[in-house]
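Below is one structure. I have some questions about it.
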């Protein structure tokens, strides 16, 4: 056995012996804490509280400086408007409890679970490897044909589905998410 194992076993045996001894002997002693022991206890608790505080505040203490912080006195620093819109750290900031699940992710996931995820490529009439220009061109052609003002028919649902398909396929990130869920479904 290694030294650590022997130390652990001896500690357990020593603890058991002390416990048995304490239970069998009838000691009516009161706990007396000297002033030096009180100082040591208080210092220990103070250090523990300070350590916990520093651990919890580590992000604020160690915040990296941005180019905005290094600049001199800027007008936007007074009312913090620049930080609202140009913060470096805000791009990857994630709300507590959020896992980067967007509204689209939930919508696509629910549609896949229900078996109702429409194939937007078929709705627009393009292949799944179509370029954004091809998708835009085909969408405009179909929009001219199906728009309710142009056809004077009740084609609002068809136009809404066409718009939704174009919305998803024209945005690169949404299209990537949609393709992932389309493969699953």
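Read-outs: derived from the displayed coordinates by stated rules, not from any lab. Predicted, not measured: the structure shown is a model, and the values here were computed from it. Every residue, glycine as well, gets a Cβ built from its backbone with ideal geometry; the counts of neighbours run over all protein chains shown.
Compute the FRET efficiency between residue 42 and residue 16 as 1/(1 + (r/R0)^6), taking r as their Cβ-Cβ distance and R0 = 30 Å, and round to the nearest 0.05.
My answer for the efficiency is 0.40.
Separation between the residue 153 and residue 130 pseudo-spin-labels, each 7 Å from Cα along Cα→Cβ, expressed in nm?
Roughly 2.0 nm, to one decimal.
Any chance you could get the radius of gyration and Dmax over the Cα atoms of segment 103-184, in Å?
According to the Cα coordinates of segment 103-184, Rg and Dmax are 13.1, 38 Å.
Roughly what would the spin-label model give for residue 49 and residue 6, points 7 Å off Cα along C-beta, in nm?
It works out to 4.3 nm between the two label points.
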